[in-house]
Structures are given as structure tokens and as C-alpha cells.
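Since the structure comes first, as C-alpha cells, the remarks are kept for the end.
Please treat every number below as a calculation from the coordinates, not as lab data. Treat the numbers as computed from the prediction; the structure is a model and nothing was measured. Neighbour counts are summed over all protein chains in view; Cβ atoms, including those assigned to glycine, are modelled from backbone coordinates with ideal geometry.
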Amino acid sequence: MKEKDSVASLNTNIIKPKTDTLNYGFKTLSNGIKVLLISDPDTNYSSAALGVNIGSLVDKKDEQGLAHFCEHLLSMGSKKYPSENEYAEYLSKNGGISNAHTSEDKTIYYFNVSNEGFEGALDRFAHMFISPTFNEGSIEREIKAIDNEFSNHLNDDGRRMLQLKRSEIKKESPFNHFNAGNLKSLSFPDIRDKLLVYYNKYYSSDIMSLCVYNNKSLEEQLKIVEDLFSLIPRIEGFQMQKYDLVKPYDETNLKYIYKIVPIKEINILELQWYFPYIEEYKDEIGLYLSNIFGHEGPNTLTSSLNRDNLCSELMSSHNEICKTCLTYQ
């Protein structure tokens, strides 16, 4: 495809506020990656983020934390940039930083860097997904890094409550899991082999989304992005994992009261409801209910409880779990 034809196929008809002066463009690449480009001529830095629509829910029961481990090891070298520290060192030399996050149904990788270092950073970033080497010399250190993350959160009451909820979900459901991993769950001799199986099974380009922010024009960004990210492999016959074959909750694990001894001196009452997932996103029923219960204005539940010294804070939220169910608390 000629460059002018490629640019012409960029969708710039994107709804945005009148006060937003940035330029946006959207395109799906030939290998299925969805790309959002943002052009800001006045910015002093550049950034990019890539999301993979797969996460810890696909971890097998005897491989808890493998998705998180993949996130850690993915940046430790590629065929083009074999040094395990190449990506991090390049960003550091160009005023940049990077991070990543593994959740239940997605894994997000991102960085920011100076405008001058943008193309070099994006090249190294893309090759993490084009041809990662999963450096064998990095395995032990990164498992210890994951175990340190786990240890640092052992006294976090919020995380302890979250893990209790996961443990009480039906054991046949993928939601009954331990997503972070630690030294114990990841200590098996063939972990690199299993990691390669995991990557080659799930890291398909057609479940990836990329966002790029830079001072270059949309046309310049698109040329760079297409040259790089179109090289990420698309797995033949890939099928998205189904998480709702077993419902996480039913009459056997609902209607329970759990009394937890906290680490900190806090008193919390948490009520949680489970609802089937609602596909029509525009309805935003969860957000609507959360605003009603959590509103802090006059004549609200919060103001009434505060007036009678029955609570110091009231929070309400809804959580969409992988297009499978909704929880309100």
C-alpha cells in the first residue's frame, strides 16, 4: 500500500471536546492491532502504551503468576536488541521511564521519553513484542522481583481482602486464582518453556491495542507505527479465552458474612453485590448506582451517616470483571 493511501485510511473523525486542540487518528493495522495516534505539536515528551487483552485469568492452577512473570521478562531483550537492559538503559539516557501492569484480563506496557529519543524507544518497545528472547539469565532475578512485590503487599489490608474474595469464588472458575505470583508459585524447573508456550498461545496481534502520543504529525506517526508494529505476529486460529463457562458466584458462595482481623487499626464494613455483566456500555448502570450511593451532597446517605457520627467515609464503586460479571460495593 502506498503511503498516501495508508494515511487516507486513517480515521480522524473522532468525537472530542471543543476545548481539545490535539489531533487524533485511529487505524487497525493489517495484523489486527488497533492504533490510536495523538499529535500534540507543543508537547515536550513522547509516550506509548500497548495493551494485550489477556491477563492472569488464563494462568493454570499450577502456574499461578505466569502472566505477571511474562510481563516482567518480556522487556529483557529481543532478537534485535539482545541485551537485557537495552530498553531500560535507552529510556534512562533519554529522560524516560517505563512500567507495566498485569490485571485479570489484560496486560499493559507503557513508557515516556524525550521527543528526541522517541523513535529509538518505540523501536525497542515494538521489538519486545515482535521477537522477545525471554532471557534465561533474567529468570531468577525477575522471579525474586515478583516475590518482593508480593512480600511488600502482605500487610496491605485491601489486597488481603481481595485475595479472600478470590479464594471464596467457585474453585472451578478462573476467578478463583492468585494473580500476582510469588517465589513458591513460580518455582518450577521448566518455567521458561511454559512461558514460551504461554506467549505463543496468547500474545496475538489481533488482541493488542496501541496508543502513541508525540509532537509529530499523524502522518509521520502512522508511517513509524506501521513499519514497526505490523511485524508483531498474529497467531493463526487464535480464539479468545472464555471466562464465564463457570459462573464465579451462585447460591453456594453468596449471602455470607466474613469477619476479618485487619493489620491496621481500621473499621470497615463492605457490602458487595454480584450482577450479570451488561453489554450495553452506554447505559452505565453501574456508574449510575455508584454515584447515587456514594454522593456526598446534602440529604444523601453519606451526609446522614456523617451527621450521626456513624461513619467517617463512604465509598461506592462498580467493577466490570472481564465482560463476565459486575460487582458493586
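Pairs Lys60/Lys255; Lys60/Lys184; Lys18/Lys93: which are spaced more than 26 Å apart, C-alpha to C-alpha?
Lys60/Lys255; Lys18/Lys93
If you count, for each residue, the other Cβ atoms within 10 Å and average over each peptide, how do 9-20, 127-138, 142-153 line up from highest to lowest?
Most protected by this proxy first, the peptides run 127-138, 142-153, 9-20.
Highest first, please rank the peptides 286-298, 192-204 by the mean number of other Cβ atoms sitting within 10 Å of their residues.
192-204, 286-298
What does the stretch 186-303 give for Rg and for Dmax, in Å, if only its C-alpha atoms count?
Answer for the stretch 186-303, Rg first and Dmax second: 23.3, 61 Å.
Using the reciprocal of the averaged 1/r over all distinct C-alpha pairs, how large is the Kirkwood radius of the stretch 19-59 in Å?
Every distinct Cα pair counted, the radius reaches 13.0 Å.
Which is farthest toward the positive dipole end of the chain among Phe293, Thr19, Ser92, measuring Cα position about the Cα centre, with Cβ charges +1 (Lys, Arg) and -1 (Asp, Glu)?
Farthest towards the positive pole: Phe293.
Which length gain, in nm to one decimal place, applies between Asn299 and Asn53 when the Cα-Cα distance is subtracted from 0.36 nm times their residue separation?
84.4 nm
State the extension gain, in nm to one decimal, for the chain segment bounded by Leu271 and Thr12, taking 0.36 nm per residue of separation less the distance between their alpha-carbons.
Extra length from Leu271 to Thr12 when fully extended: 88.9 nm.
Check cross-link reach from Lys16 to the lysines: straight Cα distance under 22 Å, and skip same-chain residues fewer than eight apart.
Within the straight-line limit of under 22 Å, Lys16 reaches these lysines: Lys27, Lys34, Lys216, Lys282.
Can you tell me what percent of all Cα-Cα pairs in the chain are more than 34 Å apart?
In whole percent, the long-distance tail amounts to 36.
Per-residue counts of other Cβ atoms within 10 Å, averaged by peptide: what ranking do you get for 159-171, 85-97, highest first?
85-97, 159-171
Could you pull out which residues in the stretch 220-261 have an amide N less than 19 Å from a spot 7 Å beyond the Cα of Gln163, following the Cα-Cβ vector?
Label zone hits: 258-261.
For the charge dipole of the chain, defined by +1 on Lys and Arg C-beta atoms and -1 on Asp and Glu C-beta atoms about the Cα centroid, which residue among Pro41, Gly158, Phe238 has the Cα displaced farthest towards the positive pole?
Phe238
Calculate, in whole percent, how much of the Cα-Cα pair population of the stretch 83-186 lies beyond 20 Å.
54 percent
So how far, in whole Å, is the C-alpha centre of the stretch 185-204 from the one of the stretch 69-131?
Computed from Cα coordinates, the inter-centre distance equals 20 Å.
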